[in-house]
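To start, the structure itself, in structure tokens.
The values are calculated or read from the model by the stated rules, or taken from the named source; none is laboratory data. Being a predicted model, the structure only gives us computed values, none of them experimental. Note: ideal-geometry Cβ built from the backbone for every residue, glycine included; neighbour counts use all protein chains shown. Quick note on the areas: whole protein, heavy atoms, side chains included, nothing else; ligands and nucleic acids left out. Shrake-Rupley method; radii C 1.70, N 1.55, O 1.52, S 1.80 Å.
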Amino acid sequence: MTSKRFAIMEQPIVIQQVIDQVVHPHAGAINTFIGTVRELTKGKRTLYLQYEAYPSMAEKKLVQIGQEIQERWPEARVAITHRIGRLEITDVAVVIAVSTPHRADSYEASRYAIERIKEIVPIWKKEHWEDGEMWVGDQLETTSYPEGAPKMEGEE
């Protein structure tokens, strides 16, 4: 596991280690969001997902989200870890931990974090179903990649 507060990793996420990064004596609340791979999406049975990312850029965007949260909720502490690679049903894909002095702020900041991840972090997924597979595209599912994942800079 990594000790970085904002990380992209291929290994399974250790949830407690993400939480430990936001523990603070002034925090009266720690909210955790744990995103997992579900079996059914829009009526289709998913067998597994393949997440890919530009790790260095994705981590910079996670840091940006942390900074945005800090601006809106100055007493918040945030840690975000997103997994890439092949994830099976029920595997943990993302963990967000937010600590704040009061619970309402931790809930709001956590929700803000997951929505911003889907908006700006360069992570995409390929869904593998019983009857086929498809690169879904960005996490808002607004951009698809019918030819496969987007190319890394310098690739052809």
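Return a whole-number percent for the relative contact order of the chain, with Cα pairs under 8 Å and 6 or more residues apart as the contact set. Spell out each step's value before the answer.
Details: 317 pairs, mean separation 46.2, N = 156.
So the answer I get is 30 percent.
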Against the longest alpha carbon principal axis of the chain, how many degrees, from 0 to 90 and to the nearest 10, is the axis of helix 55-72 turned?
40
Starting from the residue with the highest accessible area, list L49, L40 in decreasing order, probe 1.4 Å.
L40, L49
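Whenever you get a sec, compute what percent of the accessible area on the chain sits on carbon and sulfur atoms (1.4 Å probe). Present the calculation step by step, with values, prior to reporting the outcome.
On the way: 4180 of 8760 Å².
Within the chain, the accessible surface is 48 percent carbon and sulfur.
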Net +/- balance of residues flanking R72 in space, Cβ distance below 13 Å, scoring K and R +1, D and E -1
-4
Enumerate the lysines that K118 could reach by cross-link, defined here as Cα to Cα under 20 Å, with residues fewer than 8 away along the same chain left out.
K42, K60, K61, K126, K151
What does the accessible area of V92 come to, in Å² to the nearest 10, when a probe of 1.4 Å is used?
30
Efficiency by 1/(1 + (r/R0)^6): what FRET value for Q70 and F33, r their Cβ-Cβ distance, R0 = 25 Å, to the nearest 0.05?
0.90
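Find the accessible area per residue for the chain; the probe is 1.4 Å, ligands and nucleic acids are left out, and the unit is Å². Walk me through the intermediate numbers first.
Numbers: 8760 Å² over 156 residues.
With the other protein chains kept in place, the chain gives 56 Å² per residue.
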How much accessible surface does K44 have with a 1.4 Å probe, in Å² rounded to 10?
70
Pairwise FRET efficiency - R111 versus I89, Cβ, R0 = 25 Å, nearest 0.05
0.55
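Where does the charge balance sit around A29 when Lys and Arg score +1, Asp and Glu -1, over other residues with C-beta under 12 Å from its C-beta? Walk me through the numbers before you get to the answer.
Details: positive: R77, R103; negative: E75, D105, E108.
For residues surrounding A29, the net value is -1.
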For A7, net neighbour charge (Lys/Arg +1, Asp/Glu -1) across residues whose Cβ lies under 10 Å away
+2
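Report, in deg cm²/dmol and to the nearest 500, the calculated mean residue ellipticity at 222 nm for the chain, where each DSSP H run with n ≥ 4 adds -39500 (n - 2.57) and the sum is divided by the residue count.
On the way: 3 runs with 42 residues, N = 156.
Value at 222 nm, helices only: -8500 deg cm²/dmol.
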